[in-house]
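S.K.: Below is one structure. I have some questions about it.
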Amino acid sequence: MGKHYGQLQRQGRLLKSRITEGMVFLRRFVGAPRQVGSIIPSSPYLTRAVLDKIDWDQVRNVAELGAGTGVFTRSIVRRARPDAKLLVFEIDPDLQRMIGGGHPGLKLYGDAQKLPEIMKDLGIDKLDAIISSLPFTVLPPAMTARILDAVQDTLAPGSTFVAYQYSKIMKAHFESRFAEIRTSFVPINVPPAFVYECRGDRRGG
Ligand SMILES: C[S@@+](CC[C@H](N)C(=O)[O-])C[C@H]1O[C@@H](n2cnc3c(N)ncnc32)[C@H](O)[C@@H]1O
């Protein structure tokens, strides 16, 4: 009885924190729809579909772009090696405050456009994986181009860039930049999402 009550209490607390998280996210979406790009945080199905594309045992340096309230970040923290460096970018300070920590190598930053400068400051040459939740189709086109240039400049050869999108608009852009693209679809998410797994720099890098 006591054990079940404890479990129920834990589930209640988790639900309450998810509801609070969802409300903050929705409020930020209303304030800046073209920056936030969706009304609620990603589902556990989408989180798994994205993070399962990475072989976490091989990852020493990883960047997460557009962390929101940290739904992916919390799973990355659970999967990452203890000696890994996790560079997590979220431009909205209110959302950034909800991300939390839990890994000795996790560092929080703002604008994903600063990725190359930040890596230089940290003495990191290349990344073994990059995860993106950025709403590329609604961001200013120059920002999208700068961030994708930064992704290609910083990703180690053979490593994976995983991005989800709510439409297929970015598919041609990804195909023009990356040699190998695999697409999957996750219906249980609001809205349903396409996951793009990208490897190999078409620029010859
Ligand atoms: C669709 S939400 C995804 C949030 C979270 N990863 C999830 O899956 O629920 C996209 C996030 O990208 C952030 N964002 C937009 N432009 C950004 C930029 N230039 N640098 C860092 N984060 C950015 C937004 O503030 C928003 O939190």
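The values are calculated or read from the model by the stated rules, or taken from the named source; none is laboratory data. In this text, all values refer to a predicted model and were calculated from it rather than measured experimentally. Glycine also receives a Cβ, built like all others from the backbone with ideal geometry; neighbour counts cover every protein chain displayed.
S.K.: What are the pairs with Cβ atoms under 7 angstrom where one residue, in the range 52-69, is on the phi > 0 side of the Ramachandran plot and the other, located anywhere, is not hydroxyl-bearing (Ser, Thr, Tyr)? Sequence gap at least six, or different chains.
M.R.: Hits for this filter: Gly66/Phe89; Gly66/Glu90; Gly66/Ala112; Gly66/Leu134; Gly68/Phe25; Gly68/Pro41; Gly68/Glu90; Gly68/Leu95.
S.K.: Considering Ala112, Ala163, Ala63, which residue is within 16 Å of Ser38 (Cα to Cα) and either at pLDDT below 95 or within 12 Å of the chain's Cα centre (by Cα) (or both)?
M.R.: Ala163
S.K.: Looking at (1) more than 27 Å from Glu197 (Cβ to Cβ); (2) touching a residue at least 40 places away in the same chain (Cβ under 8 Å), can you tell me which one Lys16 breaks?
M.R.: That leaves (2) as the condition not met.
S.K.: For the range 61-97, name all the residues that are surrounded by fewer than 22 Cβ atoms within 10 Å (Cβ to Cβ) and in contact with an Asp or Glu (Cβ under 6 Å, 6 or more places away or on another chain).
M.R.: Asn61, Ile91, Gln96
S.K.: Kindly provide the set of residues from the range 188-205 that are in contact (Cβ under 8 Å) with a residue 40 or more places away in the chain and not in a strand (DSSP E or B), ordered by number.
M.R.: Ile188, Asn189, Val190, Pro191, Arg203, Gly205
S.K.: Pick from Thr73, Thr69, Thr20: which is within 16 Å of the ligand (Cβ to nearest atom), modelled with pLDDT under 85 and either hydroxyl-bearing (Ser, Thr, Tyr) or within 12 Å of the chain's Cα centre (by Cα) (or both)?
M.R.: Among Thr73, Thr69, Thr20, only Thr20 is within 16 Å of the ligand (Cβ to nearest atom), modelled with pLDDT under 85 and either hydroxyl-bearing (Ser, Thr, Tyr) or within 12 Å of the chain's Cα centre (by Cα) (or both).
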